[in-house]
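Below is one structure; the comments refer to it alone.
The values are calculated or read from the model by the stated rules, or taken from the named source; none is laboratory data. Fair warning: this is a prediction, and the values are worked out from it, not measured in the lab. Cβ atoms come from the backbone with ideal geometry, glycine included; neighbour counts cover every protein chain shown. These accessible areas exclude ligands, DNA and RNA; they are computed on the full protein's heavy atoms, side chains included. Shrake-Rupley method; radii C 1.70, N 1.55, O 1.52, S 1.80 Å.
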Amino acid sequence: DKLSFELMLNGQDIFVDPGTYTYTPYPEERNRFRSTAYHNTITFDNCEQSKTSDHLFSLPDRVKIINTELIKKDDKLVFQGEIQYADITHKRTITLDKESGDCQITDSFSCSRPVKGRLIFHLSPNITSDDNGILTIKEMREQIASIEVKGYNLQSGKYDYSPEYGEKTATEYLFADVSMMKEGAQLPQTCMCSGH
């Protein structure tokens with residue numbers, strides 16, 4: 001879950017952690033819910049940040065944290081983090097504009113080999129999206145935010161959300177597949193999330 005995040009606007013969960021669901025009864029489900037792809041970050045060639053195993057209460061950490069920093073300014077709050085694993089360096093900057101409430105996420109990554117990545121956003125079960133990136137509260141049919149991933153198509157799929165132990169429900173997630181990079185290249189990617 002390194003560089004993953006959650007987002008709440010006006011008391012409403014928007015992007016969430018999918019939860020735990022189970023521990024020992026279903027090992028495959030346990031590992032799925034604690035996988036990199038079940039967090040709001042980027043997966044690279046399906047590489048796990050931490051290798052899952054049959055040891056359901058152990059998760060050997062192979063991520064090297066290069067930098068984490070929180071910068072407070074008068075008008076902005078900025079988080080910067082950089083990690084390295086599986087020969088991939090991933091840097092994420094999250095900037096919150098205090099006045100407008102807009103949030104900008106900028107990812108850059110590099111690797112000595114070509115890789116493909118998937119940028120993932122797990123929506124709260126109370127939120128739905130449309131083809132234009134408008135996020136709506138289901139029950140109220142009220143627009144609460146919009147999201148845009150510059151340079152890539154934002155698509156939607158289904159994932160299992162666990163509100164509490166032993167329960168799961170299918171809900172929506174958003175993702176963008178990023179292009180294969182040339183060896184050693186860096187590919188910046190920006191996501192904008194605006195409240196309504």
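List of remarks:
- Every condition in (1) touching a Phe, Trp or Tyr at 6+ places or on another chain (Cβ under 7 Å); (2) modelled with pLDDT under 85; (3) β-branched (Val, Ile, Thr) holds for Thr52 except the one numbered (1).
- The set of residues in region 5-24 being part of a loop (DSSP other than H, G, I, E, B), open to solvent by 40 Å² or more (accessible area, probe 1.4 Å) and either farther than 11 Å from Ala145 by Cα or touching an Asp or Glu at 6+ places or on another chain (Cβ under 8 Å) (or both) consists of Glu6, Gly11, Asp17, Thr20, Tyr23, Thr24.
- Condition check for Thr68: in contact with a helix residue (DSSP H, G or I) (Cβ under 9 Å, 6 or more places away or on another chain) and part of a strand (DSSP E or B): no
- Inside region 162-180, residues that are open to solvent by 20 Å² or more (accessible area, probe 1.4 Å), within 14 Å of the chain's Cα centre (by Cα) and at pLDDT 95 or above make up a count of 2.
- For region 134-155, the set of residues classified as over 13 Å from Glu172 (Cα atoms) and either in contact (Cβ under 8 Å) with a residue 40 or more places away in the chain or not in a loop (DSSP other than H, G, I, E, B) (or both) consists of Ile134, Glu142, Gln143, Ile144, Ala145, Ser146, Ile147, Glu148, Val149, Lys150, listed by residue number.
- Among (1) under 27 Å from Tyr165 (Cα atoms); (2) basic (Lys, Arg); (3) out of contact with any helix residue (DSSP H, G or I) (no Cβ under 7 Å at 6 or more places or on another chain); (4) buried (at least 16 other Cβ atoms within 10 Å of the Cβ), the one test that Lys138 misses: (4)
- Verdict on Lys116 being within 20 Å of Asp1 (Cα to Cα), open to solvent by 30 Å² or more (accessible area, probe 1.4 Å), at pLDDT 95 or above and of a type in the set (Lys, Arg): no
- Tally, over region 79-96, of residues that are in a strand (DSSP E or B) and exposed (fewer than 15 other Cβ atoms within 10 Å of the Cβ): 0
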